[in-house]
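The values are calculated or read from the model by the stated rules, or taken from the named source; none is laboratory data. Everything numeric in this text was worked out from a predicted model, so none of it was measured. Neighbour counts are summed over all protein chains in view; Cβ atoms, including those assigned to glycine, are modelled from backbone coordinates with ideal geometry.
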Amino acid sequence: MKSIAIGIFDGVHKGHQEIIREAAIHGPVTVLTFDPHPTSIFAPERTPSALVSLADRITLLKSCGAVDVVVLTFTKEFAAKTPEHFISEILVDQLHATHVTVGANFTFGHKASGNVNFLKEHAQGFGVSAVPLAEDRGSPISSSRIRALVADGDIERANELLTRPFYLRGPVVHGEKRGRTIGYPTANLGLEENSTIPADGVYAGWLSVGSDRWQAAISIGTNPTFPGVRGRQVEAYAIDQVGLELYDQVAKLDFGFRLRDTVKFDGLDALLIQMKEDCLKAKELTD
């Protein structure tokens, strides 16, 4: 038995999990996914940001029940394959599929000319299941919808659709080190260019490095209270922790709740008062 689930699965959200659960009915699940995102090949300027890295996508898929994950490199040459070739070369010859599970809106082959009906009609010795699009509050659950929620700062709604906290992962890099001088040393996260980053603001969440995990107040923005021009920064303060040295280690920031917008304060004293309140609220929410 070789049950194949097909999709990009960025974020591995609630709808993706339903596809994997359906596939598991028909045997141990191998997920077939693609990288880079097809849009990056045909319309690079419209390439969506990634909810998770490819490595994390694989880890999440396995945590949801996939026994194996096969990643096909998406190129113009691959995209030019006819739907018939995709079925015979990939599903039959390469993956030896006995059952294939996809979302109801699945398309494949040259110019997306293959769909679920085509797959069913041209199946070569395997069964086909099409999972209806999962919905939430009357709208389909999709990676693009979750990206929009994250970009708007609606972390709690995004987390509901993901069934887990949205997170960012990257190395801890050197920043301006201003936090140390005011009693709130932060870990600045270095991120890939195509990362999905929440809207500017302050969030409650968790900072993890290795096996350690701390409650955290997370700030995203340009630190407008201080003079100078700087790019957006993602930084986290591990609440009540002293003496942490995290530079060059890989950190993970789990976002739990949005606390407030980024604000330019009238001086350091006003900022410190607000930061203390932020940390108290973050500690309460993440306890």
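Just a few scattered comments:
- In region 1-24, residue nearest to the chain's Cα centre (by Cα) [restricted to those that are assigned to a loop (DSSP other than H, G, I, E, B) and farther than 17 Å from residue 123 by Cβ]: 11
- Looking across 59, 39, 47, one residue alone is touching a helix residue (DSSP H, G or I) at 6+ places or on another chain (Cβ under 9 Å), among the hydroxyl-bearing types (Ser, Thr, Tyr) and free of Cβ contacts under 8 Å to residues at least 24 places away in the same chain. It is 39.
Results for (1) within 21 Å of residue 2 (Cβ to Cβ); (2) crowded, with 19+ Cβ neighbours inside 10 Å, shown as yes or no for each residue.
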position: 25; (1), (2): yes, no
position: 61; (1), (2): yes, yes
position: 75; (1), (2): no, no
position: 93; (1), (2): yes, no
position: 102; (1), (2): yes, yes
position: 107; (1), (2): no, no
position: 131; (1), (2): yes, yes
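- Where strands (runs of 3 or more DSSP E) sit wholly within region 187-287, those with at least 2 residues that are among the basic types (Lys, Arg) occupy 250-260.
- Selection from region 139-166 of residues that are hydrophobic (A, V, I, L, M, F, W, C) and crowded, with 18+ Cβ neighbours inside 10 Å: 141, 146, 149, 150, 155, 158, 161, 162, 166
- Condition met for residue 99 (free of Cβ contacts under 8 Å to residues at least 40 places away in the same chain and under 22 Å from residue 34 (Cβ atoms)): no
- Of residues in region 167-186 being assigned to a loop (DSSP other than H, G, I, E, B) and modelled with pLDDT under 75, the one surrounded by the most Cβ atoms within 10 Å (Cβ to Cβ): 176
The rows are residues; the columns are (1) under 27 Å from the mean Cα position of the chain (by Cα); (2) assigned by TED's automatic domain parsing to the domain that holds residue 26; (3) touching a residue at least 60 places away in the same chain (Cβ under 8 Å).
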{"residue": "73", "(1), (2), (3)": "yes, yes, no"}
{"residue": "78", "(1), (2), (3)": "yes, yes, no"}
{"residue": "103", "(1), (2), (3)": "yes, yes, yes"}
{"residue": "119", "(1), (2), (3)": "no, yes, no"}
{"residue": "122", "(1), (2), (3)": "no, yes, no"}
{"residue": "125", "(1), (2), (3)": "no, yes, no"}
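- When residues of region 105-117 are limited to those that are part of a helix (DSSP H, G or I) and closer than 22 Å to residue 42 by Cα, the one nearest to the chain's Cα centre (by Cα): 112
Here is a yes/no grid of residues against (1) assigned to a strand (DSSP E or B); (2) under 20 Å from residue 23 (Cα atoms); (3) acidic (Asp, Glu); (4) at pLDDT 95 or above:
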{"position": "70", "(1), (2), (3), (4)": "yes, yes, no, yes"}
{"position": "84", "(1), (2), (3), (4)": "no, no, yes, yes"}
{"position": "91", "(1), (2), (3), (4)": "no, yes, no, yes"}
{"position": "123", "(1), (2), (3), (4)": "no, yes, no, yes"}
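- Test result for residue 192, among the charged types (D, E, K, R), surrounded by fewer than 17 Cβ atoms within 10 Å (Cβ to Cβ), more than 30 Å from residue 3 (Cβ to Cβ) and not assigned by TED's automatic domain parsing to the domain that holds residue 280: no
- Some residue of region 226-236 being of a type in the set (A, V, I, L, M, F, W, C) and modelled with pLDDT under 95: yes
- Residue check for residue 213: surrounded by fewer than 17 Cβ atoms within 10 Å (Cβ to Cβ) and either within 28 Å of residue 10 (Cβ to Cβ) or within 27 Å of the chain's Cα centre (by Cα) (or both): yes
- Index of the failed condition, residue 202 passing every other in (1) surrounded by 16 or more Cβ atoms within 10 Å (Cβ to Cβ); (2) over 22 Å from residue 61 (Cβ atoms); (3) out of contact with any Asp or Glu (no Cβ under 9 Å at 6 or more places or on another chain); (4) not small (Gly, Ala, Ser): (3)
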